[in-house]
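Before any comments, here is the structure.
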Amino acid sequence: MSEQPGQDVVLFGGTGDLVMRKLLPALYQLHNHAMLASDVSIIGIARESIDTAEYRRIALEQCRRFLKTDFDEAQWPAFEARIQYRPLDARDPATFGALAECLGDVGRRSQVYYLSTAPALFTSICRNLHETGLITPESRVVLEKPLGHDLASSRQINDEVGRYFGEAQIYRIDHYLGKESVQNLLALRFGNALFEPLWRREWISDVQITVAEQIGVEQRAEFYDKTGALRDMVQNHLLQLLCIVAMEPPASIDADAVRDEKLKILRALRPIATDEVPLRTVRGQYRAGASSGQPVAGYLEEPGVAAASRTETFVALQANIDTWRWAGVPFYLRTGKRMQERLAEIVINFRAVPHSIFGKRAAALQNNRLVITMQPDESVKLHLQAKRPGDQMVLNPVSLDLDFAEGSQSRRLDAYERLLMDVMRGNLTLFVRRDEQEAAWKWVEPIMSSWNESSDPPKTYTAGTWGPAASTALPGREGFHWHEEL
């Protein structure tokens, strides 16, 4: 892979969890595998009054912690030499002089400003970068979710950031789109003649998208209690995955060609009317239970959570896409905390064969399904029926494991590695455009409003399970089952 031109990667929120857990390890891996140009520098920005030496020590400790066996001590000194740190108050323009001094002549290099901060700081950071003369036509800004808490606040943030950066300079990141298995879904759909004729209502019965976490709110209770699973996961991650599954073939892999097709799907989502919300959505909240064999507290007992909180930690819903390709095919979306497993997957369930010639030999005949797993391990499996070995014609379910690593000398990139490389290359394909984001907010807002106006609390579920019983009934009304129930 070719090296990138000299750039400054500026990490606002540089001492925070995302930078330490994901961004610095990803940049280290890119360095370790010779995918960063020698003159790419990394500048951590935060309020803490520490120096570069102390920041490097913290970065080393965290990279060792999160990379484990992938960490190579011998590579660290050269990577460490790229790192600098500057204390800065995002709301105080006077402190941006230290960053300007560190960057020098910004016209000679390009800058990537990664805003790993609360969205409330996005506007002041961008304004202060502009007033300090640190934004050029080659500068790029990366915005982490959540971008607002509703459509109006999202528009306000986008308007403010858009005063200083053009749309082609704004990278709204959704790390699920950077996962290898999601990339391979695009390759399977649009690089092969096999799937496209089957990728429609005549042959697909339903689609399921699940993002389940075993952890609770951890140290994010103050943020999470004001946000909830619908805003935190459905409005962005799950709807983006739905778009990848459902979109029409784009004219090319160019950024706007792909994003135009995703936007069409978001606009084709059938609105969920207020009277349909109880039937087509389930919101839940975990109570005390067990996770990985250890007792865990319920959501209301978590430190920092309001005693009478109605914030949902689980969402399941049925989405319908009003197009010829997908008419009558339900899309079931599900996400939650304190679930039975850590799992992220897309399941494409195909319809049954129109007539079985096997009679009782196929009493347990299962429909074909394609399962794209994103975590804990990335894989793509096609589930089929084959003859069981022996002298009788008895069918048995088997799976075709599509091993994309076999025969390839290239290592599999982490999602943040891929997306950071795309930002540095100026490739917007895997990032969310403003009109996509607004279309997603428009679709989820009626659900949010209905829940807020309802006197019904979230349905409780025991930590360590697959969510409220009502989530099982959601696909069950149409004669379907969640993948783990098959």
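The values are calculated or read from the model by the stated rules, or taken from the named source; none is laboratory data. Bear in mind the structure is a predicted one, so any value in this text is a computation, not a measurement. A quick note on method: Cβ atoms are made from the backbone with ideal geometry, for glycine too, and the neighbour counts reach across all protein chains shown. Please note that ligands, DNA and RNA were not included when accessible areas were found on the heavy atoms of the full protein model with its side chains. Shrake-Rupley method; radii C 1.70, N 1.55, O 1.52, S 1.80 Å.
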Restricting attention to the range 303-332, report how many residues are open to solvent by 30 Å² or more (accessible area, probe 1.4 Å) and either of a type in the set (A, V, I, L, M, F, W, C) or over 17 Å from ARG477 (Cβ atoms) (or both). 10
Please enumerate the residues belonging to the range 52-86 that are without any contact (Cβ under 8 Å) to a residue 60 or more places away in the chain and touching a strand residue (DSSP E or B) at 6+ places or on another chain (Cβ under 7 Å). THR52, TYR55, ARG56, ALA59, ARG82, ILE83, GLN84, ARG86
Among THR311, THR335, THR373, which is the only one that is in contact (Cβ under 8 Å) with a residue 60 or more places away in the chain and part of a loop (DSSP other than H, G, I, E, B)? THR311
Select from the range 249-275 the residues that are over 21 Å from the mean Cα position of the chain (by Cα), among the acidic types (Asp, Glu) and at pLDDT 95 or above and list them in ascending order. none
Filter the range 125-137 for residues that are under 16 Å from PRO87 (Cβ atoms) and not aliphatic (A, V, I, L, M); the one that is surrounded by the fewest Cβ atoms within 10 Å (Cβ to Cβ) is THR132
In the range 142-152, anything in contact (Cβ under 8 Å) with a residue 12 or more places away in the chain and either farther than 20 Å from ALA440 by Cβ or not in a strand (DSSP E or B) (or both) is listed as GLU144, LYS145, PRO146, LEU147, GLY148, HIS149, ASP150, LEU151
Any chance VAL380 is in a helix (DSSP H, G or I), crowded, with 19+ Cβ neighbours inside 10 Å and among the aliphatic types (A, V, I, L, M): no
Quick one: in the range 184-209, which of the residues that are in a helix (DSSP H, G or I) and without any contact (Cβ under 8 Å) to a residue 24 or more places away in the chain is surrounded by the fewest Cβ atoms within 10 Å (Cβ to Cβ)? PRO197
Counting only residues that are surrounded by 19 or more Cβ atoms within 10 Å (Cβ to Cβ) and either at positive phi or among the small types (Gly, Ala, Ser) (or both), the range 239-290 contains a total of 2
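For residues in the range 252-288 being among the aliphatic types (A, V, I, L, M) and assigned to a loop (DSSP other than H, G, I, E, B), which is farthest from PRO475 (Cα to Cα)?
ILE253
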